[in-house]
1. Report, in degrees rounded to the nearest 10, the 0 to 90 angle that the Cα long axis of helix 11-20 makes with the longest principal axis of the chain.
2. Can you give me the Cα centroid spacing of the stretch 253-310 and the stretch 111-182 in angstrom?
3. Out of every Cα pair in the chain, what percent are spaced more than 41 Å from each other?
4. Based only on Cα atoms, what mean projected area does the convex hull of the stretch 109-149 have, in nm²?
5. Would you list, by chain and number, the aspartates and glutamates whose Cα falls below 15 Å from the Cα of Lys273, excluding same-chain residues fewer than 8 positions away?
6. Rounded, prolate or oblate for the stretch 76-124? Axes are the square roots of the Cα gyration tensor eigenvalues, ordered a ≥ b ≥ c, and the cut-off for rounded is a/c under 1.5.
7. Express in nm, to one decimal, how much length is gained between Tyr187 and Ala103 on full extension, taking 0.36 nm for each residue of separation and deducting their alpha carbon distance.
8. List the residues of the stretch 206-228 whose backbone N lies under 15 Å from a point placed 7 Å from the Cα of Asn194 along the Cα-to-Cβ direction.
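Please treat every number below as a calculation from the coordinates, not as lab data. None of the values given here were measured: they were computed from a predicted structure. Please note: Cβ atoms are built from the backbone with ideal geometry, for glycine as well, and neighbour counts cover all protein chains shown.
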Amino acid sequence: MKKLKKKIIPVLFALAVCCFAMAGCKSGFDPIKEGFTATVYYEANGGVFEGTNGRTERVFRYKPDSIIIEPGNDKSGAQVPLPTRSGHHVSGWYKAETDENGAPVKNGDEFVLASEEWDFASDRAGGEGSVIYLVAGWSKNYKFTVDVGDAARAAGVENIVNDKYSKAGPVSIPGIEPEWEGHTFYYYEDAEHNRLTATDWENLIISDENPDITVYVKWLDGVWKIVNDKDGLSGLKFNENYWLDDDIDFGTYQNGVLKSKGKFNGIQNFIGKIEGNGHTIKNFAFEKTLIGNDSATGVFIFNGSGYIRNVKFENCELYISLTAKKNYVIGFFGDGSRISDLTLFTDLEFKGCTLTVIKTRDAVSVNPALGEGTGYYGVFGKIKDGESFSIDEAKKDITVTIN
């Protein structure tokens, strides 16, 4: 169809159309004599026009080669109502093919339509005495649902439902994640509980063949910070809970080769939880000089109910400098005697890690507690009297050096 620039519909045109549609103009008006000689039939094609007592066809006259009204979207005042059909929405308008007598061609009950959608911004009515049949194209109503789950619904959390999709295509990831008090949104999954990836979302195509799409929410019990990269571990707070969702690599690379390890400040007096979920934290360097009243250190120092579990440390280094003559307690996790429940520290592994203690100044003669001779050597400097803790030697690859 030839594309022409959009022009403003004259007021006289709108008036004549209004008269032809019997919308209250004087009965003496003759649209043919006024030059409105191009006829357009709007066909509801299985639907009915709103506010017309069930009419399936509307007829309007236009001046030849003029812009015509888009049903339900006209600003001239000569409104053509939008047709409706149960369970469907209008997805476009199409010109019907006509026979030699100007009648619309049908295949059974179906109109034979042009392949291109009618463009109301540029397509035009026909010439003088012409007849065009403009036919509504229908698509099923589309609905995208985020199912929050039975337990969340019972707690008052509502499903997120979007039924505003009017054209086929990929659904959008919701911009706002659902919330449930005392729980954390983790990810979206399908009906088989498979986590949806970015590629999966691209392939979630809503269409007439697939008009109703539902995804499901995976919740975590409790309030967690989801950690996917080193930035998520760089600002740890002592009383929050962290859920590792990926391996965390602090290293800097050049041409795919590790160039240097990244600085990591760790966390002191931590009373929260760190769930590793089998992921690896690797290639960090932790450095600290103990001065003043400091006598115990490690990259993670736990207090009370704090814990870490199900995580692997790989190629990580601790450099601890001692400066005074005192009883130091040193390990990856420092002093374990302030922890309420060591049995929570499960599924831990260390590979290619080092702990280097440098004694300076008045500390040259001290012997820091490193857990030597125990199953937690290099992990905890000490634990509570009467308690036990150990990591299998095959999973405790920590080289301890004292200089």
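1. Compared with the principal axis, the helix lies near 70 degrees.
2. Value for the Cα centre distance between the two parts: 49 Å.
3. Numbers: 39399 of 81003 pairs.
Considering the chain, 49 percent of its Cα-Cα pairs are separated by more than 41 Å.
4. Values: hull surface 23.4 nm².
Projected area, direction-averaged: 5.8 nm².
5. Within the straight-line limit of under 15 Å, Lys273 reaches these aspartates and glutamates: Asp221, Glu240, Asp245, Asp341, Asp347.
6. On the way: a/c = 1.87, a/b = 1.28, b/c = 1.47.
Oblate, since a/c reaches 1.5 and b/c is not below a/b.
7. Numbers: separation 84, 0.36 × 84 = 30.24 nm, distance 5.56 nm.
Here the segment from Tyr187 to Ala103 would lengthen by 24.7 nm.
8. 214-216
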